[in-house]
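Here the structure is laid out as structure tokens; the discussion comes afterwards.
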Protein chains: 2
Amino acid sequence: MIGGIALSREVKKGLVIVGHGSKLKYYREVMEFHRKRIIKTGFFDEVELAFAAHGRKPTVDEVVKKMESREIYLVPLFMAYGVHTAEELPEMLGFKFREGAVEFEIDGKKVILCEPVGKDELITHAILNRVMAAIDELENSQ
Amino acid sequence: MIGGIALSREVKKGLVIVGHGSKLKYYREVMEFHRKRIIKTGFFDEVELAFAAHGRKPTVDEVVKKMESREIYLVPLFMAYGVHTAEELPEMLGFKFREGAVEFEIDGKKVILCEPVGKDELITHAILNRVMAAIDELENSQ
């Protein structure tokens, strides 16, 4: 500290990973895996999970309303815009769908809907990484 | 070349990106985006797309049968094992589902089913990258 001035964030920031969900256990495990890793980065004050597929709980608006953060990023854990992200989510949250980042308000909080994760260039590398992991696994099991 | 010896791969290798599909155009665009980028790496002799959701074409076995490669990697473009990857795919392709890389044969070709892309650690970074892209986009539009 210089002159007793502590750096502090003015606004609490939150992240909601918005998944589809599944009747099998694996989907939730994957969401938790990435959630825990993102918590460790310290980029966000809160990191929560929500579901966009019809009827799955908790929904995005339920989660956002419970969060303390005043600025909340929603990242759809989807490969692309589809029915859930381009139709159901805008209807539930009350914004007009368009491609790209969309800013709106829920419960007086600034909410930023990001583009689906599948569009990210790192997905190319994740695909290749899965191939390398499979080769390693099969080599080690021989 | 040293002494006229050219390096050559003994076996042609192929990759099939196995997606869910969607009635909207975005999903196919995302698959093509990653396919083209992987072709550019030169890691594979063939890179094709297939769909795992019931009734969507082409199916994985249709694509594998048409490919020239003798060693073909299937990477599910799914966040986690679910109904399509853990139930429908094993039934269609004739192997018993288990977690991890699975090796089997189709049409005399060696086929390696890799784990879903969602499990990859790079997905954590892709989520964070989407947040950074949204911040950039909103800043530039102001």
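Quick note: the coordinates plus some simple rules give every number you see, no bench work behind them. Note that the coordinates shown come from a computational prediction; the quantities given were computed from them, not determined experimentally. Don't worry about glycine lacking a Cβ; one is built from the backbone with ideal geometry, like all the others, and counts go over all protein chains shown.
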(message) Run the label-point distances for B:Thr41 please: 7 Å along Cα to Cβ, every other copy, nanometres, shortest first.
(response) 2.1
(request) Could you let me know the centre-to-centre spacing of the range A:110-137 and the range B:101-142, using Cα atoms, in angstrom? (result) 2 Å
(request) Starting from a label point 7 Å past Cα on the Cβ side, list the distances from B:Glu103 to the same position in the other copies, nm, shortest first. (result) 5.3
(request) Kindly provide the pair-distance distribution of the range A:65-140 built from C-alpha pairs, with 5 Å bins from 0 and whole-percent values in order of increasing distance. (result) 3, 13, 20, 17, 13, 10, 8, 6, 5, 3, 1
(request) Report, as an integer, the average count of C-beta atoms from other chains found within 10 Å of each Cβ along B:109-122. (result) 6
(request) Taking 7 Å along the Cα-to-C-beta vector as the label spot, tell me the B:Ser141-A:Glu99 distance in nanometres, rounded to one decimal. (result) 1.3 nm
(request) Identify the GluC sites (Glu not before Pro) of the range A:76-109 meeting these criteria: DSSP loop state and at most 16 other C-beta atoms within 10 Å of the C-beta. (result) A:Glu99
(message) For the range B:17-88, take the convex hull of the Cα atoms, compute a quarter of its surface area, and give me that in nm², please.
(response) 5.1 nm²
(message) Given N residues in the range B:45-84, what is its alpha carbon radius of gyration divided by 2.2 N^0.38 Å?
(response) 1.21
(message) Binning at 5 angstrom from zero up to the longest distance, how are the C-alpha pair distances of chain B distributed in percent?
(response) 2, 8, 16, 20, 18, 13, 8, 6, 4, 3, 1, 0, 0
(request) Tell me the GluC sites (Glu not before Pro) within the range B:37-75 that lie in a loop according to DSSP and have at most 13 other beta-carbon atoms within 10 Å. (result) B:Glu68
(request) Obtain the nm distance between the two label points defined at A:Asp107 and A:Glu87 by a simple spin-label model: each point lies 7 Å from its Cα along the Cα-to-C-beta direction. (result) 2.8 nm
(request) Take every residue in peptide B:37-47, count the Cβ atoms of other chains within 10 Å of its Cβ, and give the average of those counts. (result) 2
(message) Once R0 is set to 25 Å, what does the formula 1/(1 + (r/R0)^6) return for the Cβ-Cβ distance between A:Lys65 and A:Arg28, expressed as a FRET efficiency to the nearest 0.05?
(response) 0.70
(request) Using the number of other C-beta atoms within 10 angstrom as an exposure proxy, rank A:Lys13, A:Lys96, A:Lys119, A:Lys36 with the fewest first. (result) A:Lys96, A:Lys36, A:Lys13, A:Lys119
(request) Can you tell me the alpha carbon radius of gyration of the protein assembly as shown divided by the globular rule-of-thumb value 2.2 N^0.38 Å? (result) 1.11
(request) Putting +1 on Lys and Arg Cβ atoms and -1 on Asp and Glu Cβ atoms, find which of A:Gly19, A:Ser69, A:Val30 reaches farthest to the positive end of the dipole of the range A:1-109. (result) A:Val30
(request) Taking just the C-alpha trace of the range B:99-142, give me its Rg and Dmax in Å. (result) 18.5, 58
(request) Could you please point out the chain A residue with its Cβ nearest to the axis of the rotation taking chain A onto chain B, and the distance in whole angstrom? (result) A:Leu122, 2
